[in-house]
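Encoded as structure tokens, the structure appears first; notes follow it.
The values are calculated or read from the model by the stated rules, or taken from the named source; none is laboratory data. Just so it is clear, the model here is predicted, and its values are computed rather than measured. Cβ placement follows ideal geometry from the backbone for every residue including glycine, while neighbour counts extend to all protein chains displayed. The protein model used for the area step is the full one, side chains on, heavy atoms only, and it has no ligands, DNA or RNA in it. Shrake-Rupley method; radii C 1.70, N 1.55, O 1.52, S 1.80 Å.
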Amino acid sequence: MALVYDSLRLHITNDAFYVESLNAGSRDVLVIDRINCEIDLKSDQEDIPPSLAESKAIYGIFGIIQLVSGSYLIVITERVRVGDILGHTIWKVTKTEILPYRRSLLNLNEAQTSDNATYLSMLEHALSVESFYFSSSYDITHSMQRLATVDAGFHSESLSTRADPRFFWNRHALREFLERPELERFTTPIVQGFVSITSCFVKGRTFDLVLISRRSTLRAGTRYNVRGTDSNGNAANFVETEQMLLYARRICSIVQTRGSVPLLWSQKANLKYKPMVKIDDDKIKSMTSFNHHFDSQIVTYGKQIAINLVNHKGMELTLAKEFLGMVNDAKSKDVTYEAFDFHKECGLNKWDRLSILMDRIALDQEQLGYFMQDRDGKVYMKQTGVFRTNCMDCLDRTNVVQSLIARRSLLHQLVQLGIFSPGHTLEEEPNLNYLLKQVWADNADYCSKQYAGTGALKTDFTRTGKRTKLGLLKDGYNSAVRYYMNNFTDGFRQDSLDLLLGNFVVNQVASSPFPSLQQRRRPKALFITYLIFSAFIIFFLIPAAGFREQISYVIMWAAATFIVALYVTRHGVDFVNYPSLVHVKSKDD
């Protein structure tokens, strides 16, 4: 039974939006006044005016966002079925529509009209990423274990009331609805992340393999704009990933988390390929944030095995030392630190050396266990803690290690359920082995696009079990695209997220927060000119010149590089990531 309406029809008149429930047994109509912005619930479909300007099918209300011209209603107009979990259908949002309350912008001046268009493009961009999921009858914001161990009254609450706020991506947009319990059947919690549901047939047995990644809203952002933790201990790029096995009457799941190195640190884009890391000097403030982070993680998940995959050299080593120092100073019996220099150990295609890490954490994984229950609700096993894995971005290296942990857990579950005999391996079942690799590689790509703007690196290993030349070329391409996006488009992406999540609220009477068009174009023009100049020197002049001329050309190129670097250093990222609000809004980082 649907807990929220998922079959709706939107009727649009000059004065109001009418959202009609088409679910069986319901005659509810939501009336949103486009003039005074009031929301009313009617119980008779005869309230819909017979003469309508427009009518269309929708599948949910994402929410309402305020821009310069007033309110905008966001509705889900297209969806695709991902699969079923215990009989509940999970949907992926494939298209949304943003509908203005006002019928014209004649009340705005030229500057306000321009700003409104910019905000609207931000909102469209934030909604355009195909990574939003929902269900009208199943709570996908919580893990299986959490749903099985909550109080009895929890399940009697509406989906929006009981949804985990960390993963409730349209919570801000639905704020006007959530204040009124009678509207709960029109409120659908939406998560951002990744969902895969696949039916498997192995050794004459059929089971469902499910992978769900839930991206946190609490410190959501883009790669270089959001790093580390905030003062409340919320980590950048925090993602909870749950792998489930649904077989006959048994349900198994394992949860892992990823999140930025849990310190107060930043790494602002400044045209350098790897910008310098800046760690907060206030040790007391840093320790407070660190403790806030792990205290909340322990309450939510239990024991923490922190796997740190950063390099043990350069600026990454500085972060690793600070992380280890914080763990030692905290002296928590529930936090264990495990460092593994991924690039050093696995460099030169030595990916088999990942077995060193897996052997070191084998006992921890056995002790943490996984969750198992039957469909009647009887719990057989509980997971007592999680692996919290991070690298610098918590994307590429992190996903590789998480996929290996999930593989080992799945193998244990298959043996426990009697599908595999002891000693049987996943490699002996090529179809299942292939599927598992593809699902985790897809998960890597989705998580990476949300944070870094491109697909993940190293997915050739996740998909095939080895590094390939094609994979290296793809990584090079993605790295170049990331570099461009981090420096020139991520400010826009960051602001888009903040606008959607309510971290930035449009002030309808304030002056424009955006820089001038000339300011936006200046750094890009400088950088593009520099690239053309560099290419001309390197590819055309140097190879054809004599030794002395080559030296002079190198000096010219070095001087140009110095000038660009000096300009960037003096003006910083403020002259790179435009248009952007990340530099003017109030943030504690």
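Below is a table of values for the structure above.
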quantity	calculated
Selection from the range 352-370 of residues that are closer than 24 Å to Gln243 by Cα and touching an Asp or Glu at 6+ places or on another chain (Cβ under 9 Å)	Leu354, Ile356, Leu357, Arg360, Ile361, Asp364
Filter result (in contact (Cβ under 8 Å) with a residue 60 or more places away in the chain and outside any helix (DSSP H, G or I)) within the range 405-437	Leu417, Ile419, Phe420, Glu429
Which numbered condition Phe290 fails, given (1) under 30 Å from Tyr484 (Cβ atoms); (2) touching a helix residue (DSSP H, G or I) at 6+ places or on another chain (Cβ under 8 Å)	(1)
Residue check, Thr161 without any contact (Cβ under 8 Å) to a residue 24 or more places away in the chain, within 19 Å of Ile61 (Cβ to Cβ) and hydroxyl-bearing (Ser, Thr, Tyr)	yes
Verdict on Glu240 being closer than 26 Å to Ser496 by Cα and modelled with pLDDT under 95	no
Unmet criterion (only one of (1) within 30 Å of Leu209 (Cα to Cα); (2) modelled with pLDDT under 95; (3) charged (D, E, K, R)) for Lys274	(1)
Failed criterion for Pro165 (all others in (1) modelled with pLDDT under 95; (2) under 22 Å from Leu497 (Cβ atoms); (3) out of contact with any Gly (no Cβ under 8 Å at 6 or more places or on another chain) hold)	(1)
Total residues in the range 29-57, condition closer than 20 Å to Thr77 by Cβ and in a loop (DSSP other than H, G, I, E, B)	4
Any hit, the range 470-489, residues being in contact (Cβ under 8 Å) with a residue 40 or more places away in the chain, under 21 Å from Ser121 (Cβ atoms), open to solvent by 20 Å² or more (accessible area, probe 1.4 Å) and not in a helix (DSSP H, G or I)	yes
The range 76-106, residues that are among the aliphatic types (A, V, I, L, M) and more than 21 Å from the chain's Cα centre (by Cα)	Ile85, Leu86, Ile98, Leu99, Leu105, Leu106
Hits in the range 320-338 - residues which are buried (at least 17 other Cβ atoms within 10 Å of the Cβ) and within 16 Å of Arg397 (Cα to Cα)	Ala320
Conditions (1) under 25 Å from Leu501 (Cα atoms); (2) open to solvent by 40 Å² or more (accessible area, probe 1.4 Å); (3) outside any strand (DSSP E or B); (4) touching a residue at least 60 places away in the same chain (Cβ under 8 Å); number of the one not met by Asp6	(2)
Single unsatisfied condition, Gly385 versus (1) under 28 Å from the mean Cα position of the chain (by Cα); (2) open to solvent by 20 Å² or more (accessible area, probe 1.4 Å)	(2)
Test: residue in the range 61-69 that is open to solvent by less than 50 Å² (accessible area, probe 1.4 Å) and closer than 30 Å to Phe207 by Cα	no
Sole exception among (1) part of a helix (DSSP H, G or I); (2) open to solvent by less than 20 Å² (accessible area, probe 1.4 Å); (3) closer than 26 Å to Ile307 by Cα for Met392, by number	(1)
Subset of the range 299-314 [among the aliphatic types (A, V, I, L, M) and open to solvent by less than 40 Å² (accessible area, probe 1.4 Å)]	Ile305, Ala306, Ile307, Leu309, Val310
